[in-house]
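The values are calculated or read from the model by the stated rules, or taken from the named source; none is laboratory data. As the structure is a computational prediction, the values presented were derived from the model and not from experiment. In this analysis, Cβ positions are derived from the backbone assuming ideal geometry, glycine residues included, and neighbour counts consider all displayed protein chains. Heads up: the accessible areas ignore ligands, DNA and RNA and are worked out on the full protein's heavy atoms, side chains in. Shrake-Rupley method; radii C 1.70, N 1.55, O 1.52, S 1.80 Å.
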Amino acid sequence: MPNKNDRLILVTNDDGIHARGLQALARQLKRLGEVLVVAPDREQSASSHSLTLTRPLRITKVDDSRFAVDGTPTDSVMVAMHGLLKGRMPDILISGINHGPNMGDDVTYSGTVAAAIEGSLLGIPSIAASLTDWDAEEFKPAARAVSKVARWVLKNGLPQFSFLNVNIPFLGDKPFKGVKITRLGRRTYNDVIVEKTDPRGKNYYWIAGEPEWMDVDGSDFSAVSRGMVSVSPLKVDMTDTRLHEKLRDINIKL
């Protein structure tokens, strides 16, 4: 494992440069090495893996180790790697700590997770981290938990194009009940579209809804609902290998 003084830790998020979760994480990670924060200048929740291609990106230097980007989490990773670092490779990328969970199907929408995906595509061992409480104001216990996972990754590495998705329950002053290696859970949403009428009589819509999680043994939701830190190993390659084997020898005539 690289010496602490030689390690570079790239930190980003989708809640914005001033988010409490990001600040708590950056403070904790300074114990592991040099921390560079490059994050959106405002909230970019549910931005998924989007890139800004139709306008230039602006970068604001907050201080010597923090930069705000007027774009998405993926933009932030790209700007950090190809603009600010100019070829220096971080030892690890950590995205978070997100305000709210990123479990199950929701990882496909998550800007937090997308930043970790981009990091893994660029060859950086990457972690996405989320606190499963939307309104929590205390992130120190979650930051300590993420730091311990980061220590393990720094020591052991990760396979190419794989990353970790960490979800941490909010337990107040109570200790976590351990760490569980999990798979993605499943959920359904009720009242996904809320229809309203504006003062001119035209309809408009809010995408909203409350999730109902399926309590499947071994899933991320199952772990956090029992007070455990969930660590889900994910990979960028979405190929369905079983279906690939099934379809490999079919003869489709055109």
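Across segment 220-254, what is the total count of residues that are touching a Leu at 6+ places or on another chain (Cβ under 7 Å) and not β-branched (Val, Ile, Thr)?
Here the count works out to 4.
Select from segment 208-254 the residues that are open to solvent by less than 100 Å² (accessible area, probe 1.4 Å), out of contact with any strand residue (DSSP E or B) (no Cβ under 7 Å at 6 or more places or on another chain), under 18 Å from residue 107 (Cβ atoms) and not hydroxyl-bearing (Ser, Thr, Tyr) and list them in ascending order.
Within segment 208-254, 216, 236, 237, 240 meet the criteria.
Looking only at segment 87-133, filter to residues that are among the hydrophobic types (A, V, I, L, M, F, W, C) and open to solvent by 10 Å² or more (accessible area, probe 1.4 Å); which one of those is farthest from the chain's Cα centre (by Cα)?
So, considering only residues that are among the hydrophobic types (A, V, I, L, M, F, W, C) and open to solvent by 10 Å² or more (accessible area, probe 1.4 Å), the one farthest from the chain's Cα centre (by Cα) is 89.
Sort through 31, 42, 55 and tell me the only one that's in a loop (DSSP other than H, G, I, E, B), of a type outside the set (Phe, Trp, Tyr), out of contact with any strand residue (DSSP E or B) (no Cβ under 8 Å at 6 or more places or on another chain) and closer than 21 Å to residue 157 by Cα.
Just a single option satisfies the conditions, and that option is 31.
Pick from segment 78-115 the residues that are part of a helix (DSSP H, G or I) and acidic (Asp, Glu): which of them is farthest from residue 133 (Cα to Cα)?
By that ranking, first place goes to 105.
Yes or no: segment 13-24 includes at least one residue that is in a loop (DSSP other than H, G, I, E, B), open to solvent by 10 Å² or more (accessible area, probe 1.4 Å) and touching a helix residue (DSSP H, G or I) at 6+ places or on another chain (Cβ under 6 Å).
no
Please indicate, with yes or no, whether at least one residue in segment 93-106 is modelled with pLDDT of 95 or more and among the charged types (D, E, K, R).
No, every residue in segment 93-106 fails to be modelled with pLDDT of 95 or more and among the charged types (D, E, K, R).
Just to be sure, is residue 9 open to solvent by 30 Å² or more (accessible area, probe 1.4 Å), in contact with a helix residue (DSSP H, G or I) (Cβ under 8 Å, 6 or more places away or on another chain), at pLDDT 95 or above and not polar (S, T, N, Q)?
no
Can you tell me which residue within segment 160-207, out of those that are of a type in the set (Ser, Thr, Tyr) and surrounded by fewer than 11 Cβ atoms within 10 Å (Cβ to Cβ), is farthest from the chain's Cα centre (by Cα)?
197
Quick check: anything in segment 146-159 assigned to a loop (DSSP other than H, G, I, E, B) and touching a helix residue (DSSP H, G or I) at 6+ places or on another chain (Cβ under 7 Å)?
No, every residue in segment 146-159 fails to be assigned to a loop (DSSP other than H, G, I, E, B) and touching a helix residue (DSSP H, G or I) at 6+ places or on another chain (Cβ under 7 Å).
What's the number of the condition residue 231 fails, among (1) without any contact (Cβ under 8 Å) to a residue 12 or more places away in the chain; (2) closer than 30 Å to residue 149 by Cα?
Unmet condition: (1).
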